[in-house]
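The values are calculated or read from the model by the stated rules, or taken from the named source; none is laboratory data. Fair warning: this is a prediction, and the values are worked out from it, not measured in the lab. When we count neighbours, we look across all protein chains shown, and the Cβ atoms used for this are built from the backbone with ideal geometry, even at glycine.
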Amino acid sequence: MTAILPLTDFESVDIERLLDLAFGTDRHGRTAYRLRQGQSWIPAMSAGMRDMTGNLVGVIQSWPVSLRSPDGSMTPLVLVGPVAVAPDYQGAGLGKAMMQHVLDIGDRSAEYRCTMMIGDPEYYGRFFGYDAAPTQLWGIDGPVERHRLLARAPQGASLPAIGDIVPGWHGLAETGYAA
Ligand SMILES: CC(C)(COP(=O)(O)OP(=O)(O)OC[C@H]1O[C@@H](n2cnc3c(N)ncnc32)[C@H](O)[C@@H]1OP(=O)(O)O)[C@@H](O)C(=O)NCCC(=O)NCCS
């Protein structure tokens, strides 16, 4: 299989086609899409994979979100996903490779360390240490199955227990986050 490449190497039309294939054309109504609205994916935490003929067969995107605490303070987080592999290539390790790639970058960075996602704990918990326990008191705009609202903080980092997830990063000057 080919290397993991920057997602900026790919055309948006190909990315959207692969996401439609994996999640259906009605995917834009999902709760995760509300959190992505008006935002741009984070190039350093997004990637793609081609097959031998050059077609895009794997994609991962990550987005800026924040946890707004009851006192109004904002904790920047990275919303990982969608993660999608073309049906013919599923089960061959592409999903794991792309996730690990992004999480390794996040773990080494100051700003992308704490991530969340909406996904299957049987996959993202089992292989990458995601857990629904830290998110039980997090509010989110839209329906979500609580056991699929997942978070991951590497050792030494902590997540606020209570708050609302909102799109984008806020107060970047104070946090030192890249825009
Ligand atoms: C989910 C997805 C990203 C995984 O990527 P992948 O390249 O197919 O999977 P990998 O090869 O990395 O991993 C394979 C392993 O994960 C397991 N797995 C894959 N998808 C899973 C899921 N949704 N739930 C639980 N386990 C899953 C497989 O059973 C396999 O386990 P094994 O190693 O014990 O045999 C990919 O299958 C996909 O795009 N699916 C369509 C979208 C979707 O259904 N998403 C649901 C999750 S939000």
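Would you be able to tell me the number of residues in the stretch 83-102 that are assigned to a loop (DSSP other than H, G, I, E, B) and either more than 10 Å from the ligand (Cβ to nearest atom) or in contact (Cβ under 8 Å) with a residue 12 or more places away in the chain (or both)?
Number of matching residues: 3.
Of (1) surrounded by fewer than 16 Cβ atoms within 10 Å (Cβ to Cβ); (2) in contact with a Leu (Cβ under 6 Å, 6 or more places away or on another chain); (3) farther than 18 Å from Pro87 by Cβ, Ala47 satisfies all except one. Which?
Of the numbered conditions (1) surrounded by fewer than 16 Cβ atoms within 10 Å (Cβ to Cβ); (2) in contact with a Leu (Cβ under 6 Å, 6 or more places away or on another chain); (3) farther than 18 Å from Pro87 by Cβ, the odd one out for Ala47 is (1).
Assuming Ala133 fulfils every condition listed in (1) over 17 Å from Ala32 (Cα atoms); (2) surrounded by 13 or more Cβ atoms within 10 Å (Cβ to Cβ); (3) hydrophobic (A, V, I, L, M, F, W, C) apart from one, which condition is it?
(2)
Just need a number here: residues in the stretch 1-35 that are surrounded by 11 or more Cβ atoms within 10 Å (Cβ to Cβ) and under 17 Å from Met45 (Cβ atoms).
Residues in the stretch 1-35 being surrounded by 11 or more Cβ atoms within 10 Å (Cβ to Cβ) and under 17 Å from Met45 (Cβ atoms): 9 in total.
In the stretch 56-104, which residues are aromatic (Phe, Trp, Tyr) and over 13 Å from the mean Cα position of the chain (by Cα)?
Selection gives Tyr89 alone.
The rows are residues; the columns are (1) modelled with pLDDT of 95 or more; (2) in contact with a Leu (Cβ under 6 Å, 6 or more places away or on another chain); (3) within 16 Å of the ligand (Cβ to nearest atom); (4) in a helix (DSSP H, G or I).
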residue	(1), (2), (3), (4)
Asp104	yes, no, yes, yes
Tyr124	yes, yes, yes, yes
Phe127	yes, no, yes, yes
Leu150	yes, no, yes, no
Pro154	no, no, no, no
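Which number in (1) in contact with a Phe, Trp or Tyr (Cβ under 7 Å, 6 or more places away or on another chain); (2) modelled with pLDDT of 95 or more; (3) surrounded by fewer than 21 Cβ atoms within 10 Å (Cβ to Cβ) marks the one condition that Glu111 misses?
The single condition Glu111 does not satisfy is (2).
Which residues, taken from the stretch 31-52, are part of a loop (DSSP other than H, G, I, E, B) and touching a helix residue (DSSP H, G or I) at 6+ places or on another chain (Cβ under 8 Å)?
Within the stretch 31-52, Trp41, Ser46, Asp51 qualify.
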